[in-house]
1. Looking at region 23-41, is at least one residue under 18 Å from Ala100 (Cα atoms) and either in contact (Cβ under 8 Å) with a residue 40 or more places away in the chain or assigned by the TED database to the domain that holds Ala94 (or both)?
2. Give the number of residues within region 1-15 that are open to solvent by 40 Å² or more (accessible area, probe 1.4 Å) and farther than 20 Å from Ala92 by Cβ.
3. Return the total of residues in region 42-56 being more than 17 Å from Pro10 (Cβ to Cβ) and part of a loop (DSSP other than H, G, I, E, B).
4. So is Val67 in a helix (DSSP H, G or I) and surrounded by 12 or more Cβ atoms within 10 Å (Cβ to Cβ) or not?
5. Could you list, in sequence order, the residues of region 59-96 that are within 23 Å of Tyr34 (Cβ to Cβ) and of a type in the set (A, V, I, L, M, F, W, C)?
6. I'd like to know if region 88-99 contains one or more residues that are under 30 Å from Arg19 (Cα atoms), open to solvent by 90 Å² or more (accessible area, probe 1.4 Å), assigned to a helix (DSSP H, G or I) and not assigned by the TED database to the domain that holds Arg3.
7. Among the residues of region 16-49, how many are open to solvent by less than 60 Å² (accessible area, probe 1.4 Å) and not small (Gly, Ala, Ser)?
Amino acid sequence: MSRFALRECPQLPPTIAERIKDYRAQNVADWVMYRKALASAAEARGWPVHWYDVKSVLGAARQALRVENLDAHFLQVRRAVGPPWDKDHKLAMAAAIVTA
């Protein structure tokens, strides 16, 4: 079964008028709507959606894999799959691990 992992979205003000007035909301509204659209599309296909917290997903992946050093584990993965392999790749891999 397919699974879908998305980074949690920050809360936005409830109305469009409030979002337009709120500087922070103006800056994140597009990617919040994009993630919610992706989640809706996944759910429409029957795929479970896992929303992950960027601050805790690396620790959760370490626990799921039962490894002490996630960086060392990811270094082995990088050697196997090759570059690029940066912070965003590590977060995506951690979210996939936790979702699985």
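1. Narrowing region 23-41 to residues under 18 Å from Ala100 (Cα atoms): 39.
Now narrow it down to the ones that are either in contact (Cβ under 8 Å) with a residue 40 or more places away in the chain or assigned by the TED database to the domain that holds Ala94 (or both): none.
No, region 23-41 contains no residue that is under 18 Å from Ala100 (Cα atoms) and either in contact (Cβ under 8 Å) with a residue 40 or more places away in the chain or assigned by the TED database to the domain that holds Ala94 (or both).
2. Qualifying residue count for the region: 3.
3. Going through region 42-56 one residue at a time, the tally reaches 4.
4. Values: in a helix (DSSP H, G or I): no; surrounded by 12 or more Cβ atoms within 10 Å (Cβ to Cβ): yes.
So Val67 fails the test.
5. From region 59-96, those within 23 Å of Tyr34 (Cβ to Cβ) are 84, 86-96; that's our starting set.
The answer is Leu91, Ala92, Met93, Ala94, Ala95, Ala96.
6. At the first step, the residues of region 88-99 found to be under 30 Å from Arg19 (Cα atoms) are 88, 91-92, 95.
From what is left, the residues that are open to solvent by 90 Å² or more (accessible area, probe 1.4 Å) are 88.
Filter again for assigned to a helix (DSSP H, G or I), leaving 88.
Now drop any that are not not assigned by the TED database to the domain that holds Arg3, which leaves 88.
Checked region 88-99: at least one residue is under 30 Å from Arg19 (Cα atoms), open to solvent by 90 Å² or more (accessible area, probe 1.4 Å), assigned to a helix (DSSP H, G or I) and not assigned by the TED database to the domain that holds Arg3.
7. Total meeting the criteria: 7.
The values are calculated or read from the model by the stated rules, or taken from the named source; none is laboratory data. Small disclaimer: the values here were computed from a predicted structure and weren't measured. With ideal geometry, Cβ positions are generated from the backbone for all residues, glycine too; neighbour counts draw on all protein chains shown. Areas reflect the complete protein model, heavy atoms only, side chains present, ligands, DNA and RNA absent. Shrake-Rupley method; radii C 1.70, N 1.55, O 1.52, S 1.80 Å.
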